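The values are calculated or read from the model by the stated rules, or taken from the named source; none is laboratory data. These figures come from a predicted structure and were not determined experimentally. No Cβ is skipped: glycine too gets one built from the backbone with ideal geometry, and neighbour counts run over all protein chains shown. Protein only, heavy atoms only, side chains kept; ligands, DNA and RNA dropped before computing areas. Shrake-Rupley method; radii C 1.70, N 1.55, O 1.52, S 1.80 Å.
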Amino acid sequence: MAGPKLVEEWSGLPDVTPIPPRQVETGACKENKLSGEEIDLTKLPIPWIHYGDGGRYINTYGIFIAATPDGKWVNWAISRAMLDGPRTIAGVVIPTQDMGKIYAQWKEIGKEMPFALCLGVDPAIAMIAGYPLPSGMNEGEYMGGWYQEPVDVVKCETNDLLVPASTEIVIEGLASLDEKVPEGPMGEYGGYVWCGKSQQVPCFKVTAMTHRDDPIMPLCVAGVPTEENHTNWGISIAASIQNVLRRQGFPVKECFIPMESAAHWFVVSVDRNREETDDDALALAIGKAVFASKGGSYIPKVIVVDDDVDPSNIGQLVWAIATRHHPDRRVAIPDQYIFPLVAYLSQEEKKDAVSTRVIYNCLTPFHTWPEGRRPVEASFRGYPEELQKKVLDNWKEYGF
Ligand SMILES: Cc1cc2nc3c(=O)[nH]c(=O)nc-3n(C[C@H](O)[C@H](O)[C@H](O)COP(=O)(O)O)c2cc1C
């Protein structure tokens, strides 16, 4: 399936009727149970991934599960975590993300946050855990709704969290409120390692570990495209934004985040036969709607094209940006929230998470030319559609 079709399908996720996970007695992840000093995370085959990394990354493709103190909101999300010691992990908690919001609720009541780190989950679970679903929605329930079948879950050994029963390795524990440990740097999805400087993050203290016999530990080698941040995450971000743009009634045809852009470009094509005539106003409104959405919070650059351009065709996209985008029609919006992992930011901007975001209007300006002198595409596609069809229908008869 072509990329934008995948995005289109996946954009329906927030609209499904959720089906809660089904708690079962036991599952593959309970085949082996370790507690106390039996647990030694340093024995896991955790690789040192990039030159410049600050340590070995125990989590790059597994999901963290955490719930609010009242248990109503259960979040599944992929978030990096570095090995700290035999029973401690350096967990990155970003306040604007759902795990950060849940962590803040535990902090408010002064209790450590129970967590489960599930390494080796079903591919669909890794896919949904990277989807920026609106806060408050439980990924496990939407997974059930998507497949029309509940996800089987089992209870953790040392807390009340429920984890997918098919998980390869489950690491349970408590995220400390005060104890901090060094984390990073790590090669990131933008394609760079910011060498030399670690940050202090909450210490995730391990209380139990369970695993399948001969478990498999998947890994994402984040970095220069293409890796799972650009495939899995990029498709999910684009899908979540497409859902928002459609709901707001924009004449959207296709959405895509080109893998080559390392999740820095969001490209949207719009109906060429749209009713709107003010292209600048349309591109601006779309860009602002993207930036205001949860998925769009990760996106610094929006590119708006007509729907003769396939947003996933990098050749067409480069051609459109080069030949249709007038520099005067670029809208730079300063002093915006910016996801601090965006690659090109200055040290100051990364620290403050504030920078400029930009909209590239690549809608063809050709309608401003007088009738009869308007440019058409200088290729077969430039001929009237009926003529193209006639040629294609008779192609064999021409002897080709
Ligand atoms: C392979 C992969 C790795 C990811 N790693 C991280 C990460 O280390 N930190 C992060 O903030 N988000 C990471 N993400 C993206 C988040 O999982 C995603 O944005 C998720 O929606 C954030 O959680 P939330 O929706 O619960 O706020 C990753 C996604 C994928 C697919």
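The set of residues from segment 95-151 being on the phi > 0 side of the Ramachandran plot and of a type in the set (Gly, Ala, Ser) comprises GLY110, GLY120, GLY136. Could you tell me whether segment 363-380 includes any residue that is in the same structural domain as ILE237 (by TED's automatic domain parsing), at pLDDT 95 or above and open to solvent by less than 40 Å² (accessible area, probe 1.4 Å)? Yes, because at least one residue in segment 363-380 is in the same structural domain as ILE237 (by TED's automatic domain parsing), at pLDDT 95 or above and open to solvent by less than 40 Å² (accessible area, probe 1.4 Å). Among the residues of segment 338-364, those that are of a type outside the set (A, V, I, L, M, F, W, C) and in contact with a helix residue (DSSP H, G or I) (Cβ under 7 Å, 6 or more places away or on another chain) comprise PRO340, SER355, ARG357, TYR360, ASN361, THR364.
One line per residue, one yes/no per condition, for (1) closer than 27 Å to ARG374 by Cβ; (2) open to solvent by 10 Å² or more (accessible area, probe 1.4 Å):
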| site | (1), (2) |
| --- | --- |
| ILE299 | no, no |
| ASP307 | yes, yes |
| ASP310 | yes, yes |
| VAL318 | yes, yes |
| ILE321 | yes, yes |
| HIS325 | yes, yes |
| ARG330 | yes, yes |
| GLN336 | no, yes |
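Are any residues in segment 197-248 open to solvent by 30 Å² or more (accessible area, probe 1.4 Å), away from the ligand (no atom under 16 Å from the Cβ) and not in a loop (DSSP other than H, G, I, E, B), and if so, which ones? If the condition is that a residue be open to solvent by 30 Å² or more (accessible area, probe 1.4 Å), away from the ligand (no atom under 16 Å from the Cβ) and not in a loop (DSSP other than H, G, I, E, B), then GLN200, LYS205, THR207, HIS211, ARG246, ARG247 are the ones that fit. Residue check, ASN232 against (1) in contact with a helix residue (DSSP H, G or I) (Cβ under 9 Å, 6 or more places away or on another chain); (2) modelled with pLDDT under 95, all met but one. Which one? With (1) in contact with a helix residue (DSSP H, G or I) (Cβ under 9 Å, 6 or more places away or on another chain); (2) modelled with pLDDT under 95 applied to ASN232, the lone miss is (2).
For segment 340-362, filtered to residues that are of a type outside the set (S, T, N, Q) and under 26 Å from VAL309 (Cβ atoms), the residue that is surrounded by the most Cβ atoms within 10 Å (Cβ to Cβ) is CYS362.
PRO4 - would you say it is surrounded by 20 or more Cβ atoms within 10 Å (Cβ to Cβ) and either of a type in the set (S, T, N, Q) or more than 16 Å from the ligand (Cβ to nearest atom) (or both)? Answer is yes for this residue.
Which residues, taken from segment 249-284, are surrounded by fewer than 17 Cβ atoms within 10 Å (Cβ to Cβ) and either in a helix (DSSP H, G or I) or not hydroxyl-bearing (Ser, Thr, Tyr) (or both)? The answer is GLY249, GLU260, ASP271, ARG272, ASN273, ARG274, GLU275, GLU276, ASP278, ASP280, ALA281. Take the residues in segment 10-37 that are acidic (Asp, Glu) and in contact (Cβ under 8 Å) with a residue 60 or more places away in the chain; name whichever of them is surrounded by the most Cβ atoms within 10 Å (Cβ to Cβ). Out of the qualifying residues, it is GLU31. Considering segment 62-154, the qualifying strands (runs of 3 or more DSSP E), each wholly inside and each with 1 or more residues that are near the ligand (Cβ under 10 Å from one of its atoms) and open to solvent by 20 Å² or more (accessible area, probe 1.4 Å), run over 74-78.
Working only within segment 312-337, note down all residues that are in contact with a helix residue (DSSP H, G or I) (Cβ under 8 Å, 6 or more places away or on another chain) and in contact (Cβ under 8 Å) with a residue 40 or more places away in the chain. Selection gives SER312, ILE314, ARG324, ARG329, VAL331, ILE333, GLN336, TYR337.
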